[in-house]
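The values are calculated or read from the model by the stated rules, or taken from the named source; none is laboratory data. Keep in mind that what you see is a predicted model, and the values were worked out from it rather than measured. With ideal geometry, Cβ positions are generated from the backbone for all residues, glycine too; neighbour counts draw on all protein chains shown.
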Amino acid sequence: MTALINDRLLRALRREPVDVTPVWLMRQAGRYLPEYRATRSRAGDFMSLCQSPQLALEVTMQPLERFALDAAILFSDILTVPDAMGLGLYFEEGEGPRFRQPVTTPAAIEALPIPDAERDLGYVMDAVRLIRRELAGRVPLIGFSGSPWTLATYMVEGQSSRDFRTIKRMLLDQPEALELLLDKLTLAVTDYLNGQIAAGVQAVQIFDTWGGTLTTGWYERFSLRPMARIVAGLNPAPDGSRVPVILFTKQGGLWLERIAATGCDALGLDWTVDIGEARARVGDRVALQGNLDPVVLYASPAAIRHEVGDILARYGAGNGHVFNLGHGIHPQIEPDHVAALVDAVHELSLPYHRVQG
């Protein structure tokens, strides 16, 4: 494999010294970029874009041509796994993802197949291989999946939800059925991420978008436990090295110590968490990723720079910080504001790393 020219992200995830704090952004390839909108228009619809390795390569690379980012993230969608299980994923304009066949009964869950990464999601693996070749060692490539709990919410509700009443009713009235669904998803996500690792991703993130909607007891049983099993089941890279794992539970600030105990390498933080306090709580067990409120990007470049400086100061000097947003970029953000963010991270973080030599 080609040696990395810029390995700041991987070194930060391993809590090793870096020259400046690395930065990448959730949803960095997306609708805020006019070139992305043009590519999506050519694709015809969102799923066609996701399922074309060549187009996935194109949009993955677009933000790297604009911004001095320290990583690429595979362009795909968290719901490709349940789509491969036969639920009929589609996207309504302005309404988000939906499934034609949601699973709401124990019988439906029993009948669900567990997809094979290469056979059923080969277009994702093909995209990973294409992107790695195109990157040619420029920056690392991040792969990802949704967490079993987050995937299950869409599969049971049939779409996004305000209160998750259907899956929470299942959680209370039919916990064994929900456990079976989560078991199947845990196996599927583990295989999916291992497929991405074999194809060439150099770090992975598990997006637990809806874990924060649970009580503490429910979170540990239905969200954290499956993620811990996935972390334990991931393979090393083809060269035998460990592939760093980032766990991101939105609204998971109450449970940082529990998440760190899974064996992951980094915790993703949303913007409700003080990153300095998070560092004090987890010590040097894991790296921390985050955690600018995405809404800050609507403000002026001067205000963005100020907020970046505040987060860097709260984290303080030393290793183990990957700068990111607390969630994904909003579609209406001006690209120039993203450039201001990326440049501010690199410039303002330099003093925090000088002592590292």
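Restricting to the range 250-268, give me the number of residues that are at negative phi and free of Cβ contacts under 8 Å to residues at least 60 places away in the same chain. Counting residues in the range 250-268 that are at negative phi and free of Cβ contacts under 8 Å to residues at least 60 places away in the same chain gives 13. Consider A38 carefully, then state whether it is at pLDDT 95 or above, surrounded by fewer than 20 Cβ atoms within 10 Å (Cβ to Cβ) and not in a helix (DSSP H, G or I). In short, no. Of the residues in the range 249-267, how many are under 15 Å from N291 (Cα atoms) and not charged (D, E, K, R)? The total comes to 7.
Checking each residue in the range 315-357 for being crowded, with 18+ Cβ neighbours inside 10 Å, in a helix (DSSP H, G or I) and β-branched (V, I, T) picks out V338, V342, V345.
Filtering V243, V201, V231 for residues that are in contact (Cβ under 8 Å) with a residue 12 or more places away in the chain, in contact with a Gly (Cβ under 6 Å, 6 or more places away or on another chain) and either outside any helix (DSSP H, G or I) or of a type in the set (G, A, S) (or both) leaves a single hit, V201. The residue of the range 72-98 that is surrounded by the fewest Cβ atoms within 10 Å (Cβ to Cβ), among those that are over 21 Å from R37 (Cα atoms) and modelled with pLDDT of 90 or more, is G86.
In the set V103, V81, only one residue is within 21 Å of S161 (Cα to Cα), in contact (Cβ under 8 Å) with a residue 60 or more places away in the chain and part of a helix (DSSP H, G or I); that residue is V81. Contact map, the range 20-40: residues that are under 18 Å from L247 (Cα atoms) paired with residues that are among the acidic types (D, E) and crowded, with 21+ Cβ neighbours inside 10 Å, Cβ distance under 9 Å, separation 6+ or inter-chain. Pairs shown: P22/D70; V23/D70; W24/D70. Exactly one residue out of D274, D183, D208, D293 is touching a strand residue (DSSP E or B) at 6+ places or on another chain (Cβ under 6 Å), at pLDDT 95 or above and either closer than 30 Å to D120 by Cβ or surrounded by fewer than 19 Cβ atoms within 10 Å (Cβ to Cβ) (or both), and it is D208. What are the residues in the range 214-228 that are without any contact (Cβ under 8 Å) to a residue 60 or more places away in the chain and not acidic (D, E), if any? Scanning the range 214-228 gives T215, T216, G217, W218, Y219, R221, L224, R225, A228. Just a yes or no: is a residue in the range 7-14 within 20 Å of E65 (Cα to Cα) and in a loop (DSSP other than H, G, I, E, B)? The answer is yes; a qualifying residue exists. If you go through the range 264-297 and keep only what is over 18 Å from the mean Cα position of the chain (by Cα), closer than 15 Å to L312 by Cβ and part of a loop (DSSP other than H, G, I, E, B), you end up with just D274. Within the range 263-296, track down each residue that is among the charged types (D, E, K, R) and over 23 Å from A228 (Cβ atoms). Within the range 263-296, D274, E277, D293 meet the criteria.
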